[in-house]
1. Cα to Cα, under 19 Å, and not fewer than 8 places away if on the same chain: which lysines meet these conditions relative to residue 89?
2. If you add up the charges near residue 108, with Lys and Arg at +1 and Asp and Glu at -1, over every other residue whose beta carbon is less than 10 angstrom from its beta carbon, what do you get?
3. Once R0 is set to 35 Å, what does the formula 1/(1 + (r/R0)^6) return for the Cβ-Cβ distance between residue 268 and residue 77, expressed as a FRET efficiency to the nearest 0.05?
4. Antiparallel versus total DSSP beta bridges in the stretch 25-166: what percent is that, nearest 5?
5. So which GluC sites (Glu not before Pro) in the stretch 136-195 are both in a DSSP loop and have at most 10 other Cβ atoms within 10 Å of their Cβ?
6. Can you tell me the FRET efficiency between residue 69 and residue 30 if r is taken as the Cβ-Cβ distance and R0 is 22 Å, rounded to the nearest 0.05?
7. If each residue of separation counts as 0.36 nm, what is the full-extension length gain between residue 312 and residue 286 once their alpha-carbon separation is subtracted?
8. Treat every Asp and Glu Cβ in the stretch 25-166 as -1 and every Lys and Arg Cβ as +1, leave all other atoms uncharged, and give the resulting dipole magnitude about the Cα centre to the nearest 20 debye.
Amino acid sequence: MNSRPGLFDVAEVMPPPTPAPGFQGITFHEQRARTLLNKIPGARPGGMAWTLNPYRGCTHACTYCFARDGHARLGFDTGGGFDTQVVVKTNAADVLRRELRGGKTGDDWVMVGTSTDCYQRAEGHYRLMPGILGALAEYRVNFTTTTKSALLRRDIPLYAEAARVAKVLVMTSLGSLDERVWRAFEPGAAPPRARLATIAALRAAGVPAGVLIAPVIPHAGDRPADLDALVDACAEAGAVTVYPDIMRISPGARDWFLDRSAAHLPPHLHQRLAASYAGSRAMPASYVREVTAHLHARAALHGLPRWEDYVREAGRHTADSENPRLRNR
């Protein structure tokens, strides 16, 4: 890791990046969903067992997004169609209340926005999340939300309310502080500093918030000094935990990712990425271990636990608080 130059070490004139998409050119496909909660196969009881995604497709237009694969099953292409053809589950809150009323999740955690961002730009218009958050709080469901959007700040009072009755953890996805990386790979997402400001605002409201350090893009955001600065910034913003994740490229995203890379990165940088992912969807295991260990070590200097340890401890405290023999200790 130490010997590799960073993505922007070589001074070159880069073509303009793909502009961040707005509603112009975006088609919303309104859908009446029959179900909203999806069980994760093999999930352990009381753990992260359910996913919830009110949108399919995403205007953040992240070139590497694994959810592009699923867009083909909806009849859309996995390139520009993923960015511009967005399915909206307009009855999400009503369906969720029906499912929770029947005790579907039990003591398990629900993960909101794990596939496509639940605070993408469509949410500013459809406002599905307030109803979803209200249902989760009403039924005291433990949940996480993952986002790259500053729009979540609109709902901080709802997160604070939910955190008073259940375990809540908001994870901001952020793989680099470098705005050139953001513009090249995540053109529709919030800028890095806006994501950090969202973490700080959540913490000020008493809502636990962590950082999904993801994806770490090889040759773009993997220099040790850059990784250290990122973890330091997360800690300064008040993050309670971090979860490192190195970029993987799914089959449905590969062609689009490499096409965008060729169009918007200097040639030598595109060639490095193309070579790294030519025969595999992931970097070598030794590389993943090295980068992950580096990030965990830096986080430990700030006293930040690993994500799985944080969630396990949160679950233990939940069990203790619900045990009548322990409440009066």
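1. 39
2. Every neighbour counted, the sum reads +2.
3. That gives a FRET efficiency of 0.75.
4. 30 percent
5. none
6. 0.45
7. Extra length from residue 312 to residue 286 when fully extended: 6.7 nm.
8. 240 debye
Laboratory data are not the source of any read-out in this text; all were calculated from the coordinates shown. Here the structure is a predicted model, which means the values were calculated and not measured. Don't worry about glycine lacking a Cβ; one is built from the backbone with ideal geometry, like all the others, and counts go over all protein chains shown.
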